[in-house]
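Here is the structure we will look at.
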Amino acid sequence: MVYLTRQEHFNAAHKLFNPKWSKERNEEVFGLCANENWHGHNYDLYVTVKGEPDADTGFLYDVKKLSQLVKQHVIDKLDHKNLNMDVDFMKDKMCSTENLAIAIWQQLAPHLPVEVQLHSIKLYETPRIYVEYFG
Amino acid sequence: MSKKVAVFRKEHFNAAHRLHNPSWTEAKNDAVFGLCNNPNFHGHNYELIVKITGEIDTATGYVIDLKILSDLVKAEVIDRFDHKNLNLDTAEFLSLNPTAENIAVVIYDLLRLKLDTALELHIRLYETERNFVEYPVN
């Protein structure tokens, strides 16, 4: 089994705000992240797939194809966007890094060939904060 | 005269912004600013490097007490911009496009007012790991 990782990045605005809660409750739980007018991050994304290298190509998966998949299904939808307002697959979800990593997994998994398994989504919100999701 | 030494303080803040010139049409804004003109904003992790150059004080051995510099940067810059929307939440960018260039100049002006005139100030601001600006230019 070999693991192959493609790194990408996108810049986006978001806020952490639960519409079922009062403004005070949101500020108590989410602090500065609840700022009404949003704030933003440079997100770094690591998509890792796993499988066996193909006997003819030596590739687990063509990294160019992986890059195009990530670009089409994730980066084009998230980059320079407002995660709360502009992204169809985050609609009605809390825009935490945890939920975003799970949503990115769900965006990518259906598009991989059967012999290539999605292993993990590693998503950095800042250089010091990241989450990992293994499906 | 003592030798001049440069000391640095690194800080960071996360903010939303939009690059937009209200005196232009939407089409022109899109043509010039592209994705950065998204009406609902986008955002960055800004990394700030404040460089102070001066002579070493013979009594303390310091150019500037870095704790004092840290407190100053926090009070003047980080508390003002961190987890904010630069276009909507900050007085400095109500009518100034919040490009990395303009943010660096604003930060310089805020800190310059509070620093001893004998100390030289230089700002480096990273908007992303790959895009950064410096002010002033020597």
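The figures follow:
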read-out	value
Filtered residues of segment A:19-41 (kept if surrounded by 12 or more Cβ atoms within 10 Å (Cβ to Cβ) and either assigned to a helix (DSSP H, G or I) or of a type in the set (S, T, N, Q) (or both))	A:R25, A:N26, A:E27, A:V29, A:F30, A:L32, A:C33, A:A34, A:N35, A:N37
Checking B:L94 against (1) under 24 Å from B:P22 (Cβ atoms); (2) in contact with a Leu (Cβ under 6 Å, 6 or more places away or on another chain); (3) exposed (fewer than 15 other Cβ atoms within 10 Å of the Cβ), the condition it does not meet	(2)
B:I107 modelled with pLDDT of 95 or more, within 17 Å of B:N14 (Cα to Cα) and in contact with a strand residue (DSSP E or B) (Cβ under 8 Å, 6 or more places away or on another chain)	yes
Which numbered condition B:L69 misses (of (1) assigned to a loop (DSSP other than H, G, I, E, B); (2) more than 14 Å from chain A (Cβ to nearest Cβ); (3) in contact with a strand residue (DSSP E or B) (Cβ under 8 Å, 6 or more places away or on another chain))	(1)
Cβ pairs under 9 Å, 6+ apart, first in segment B:104-131 and within 14 Å of chain A (Cβ to nearest Cβ) and under 19 Å from B:A6 (Cα atoms), second crowded, with 19+ Cβ neighbours inside 10 Å and of a type in the set (S, T, Y)	B:L125/B:Y46; B:L125/B:Y135
Within segment A:1-33, tally of residues that are among the aliphatic types (A, V, I, L, M) and more than 9 Å from chain B (Cβ to nearest Cβ)	5
Positions within segment B:23-38 being under 23 Å from the mean Cα position of the chain (by Cα) and assigned to a loop (DSSP other than H, G, I, E, B), in sequence order	B:N38
Neighbours by Cβ (under 8 Å, 6+ apart or cross-chain): first from segment A:37-51, of a type in the set (D, E); second in a strand (DSSP E or B)	A:D44/A:Q7; A:D44/A:E8; A:D44/A:H9; A:D44/A:L123; A:D44/A:Y124; A:D44/A:Y130
A:V49 being over 22 Å from B:R130 (Cα atoms), of a type in the set (V, I, T), buried (at least 18 other Cβ atoms within 10 Å of the Cβ) and under 21 Å from the mean Cα position of the chain (by Cα)	yes
Close pairs (7 angstrom Cβ cut-off, 6 or more residues apart or separate chains): touching a residue at least 40 places away in the same chain (Cβ under 8 Å) in segment A:118-135, among the small types (G, A, S) anywhere	A:L118/A:A109; A:L118/A:G135; A:I121/A:A101; A:L123/A:A101
Which numbered condition A:F89 misses (of (1) closer than 22 Å to A:V2 by Cβ; (2) surrounded by fewer than 16 Cβ atoms within 10 Å (Cβ to Cβ); (3) of a type in the set (A, V, I, L, M, F, W, C); (4) at pLDDT 95 or above)	(1)
Looking only at segment B:95-138, and only at residues there that are in a loop (DSSP other than H, G, I, E, B) and of a type in the set (D, E, K, R), the one that is farthest from A:E125 (Cα to Cα)	B:D116
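The values are calculated or read from the model by the stated rules, or taken from the named source; none is laboratory data. Since we're looking at a predicted model, the values are computed, not measured. Cβ coordinates were reconstructed from backbone atoms using ideal geometry, including for glycine residues, and neighbour counts include every protein chain displayed.
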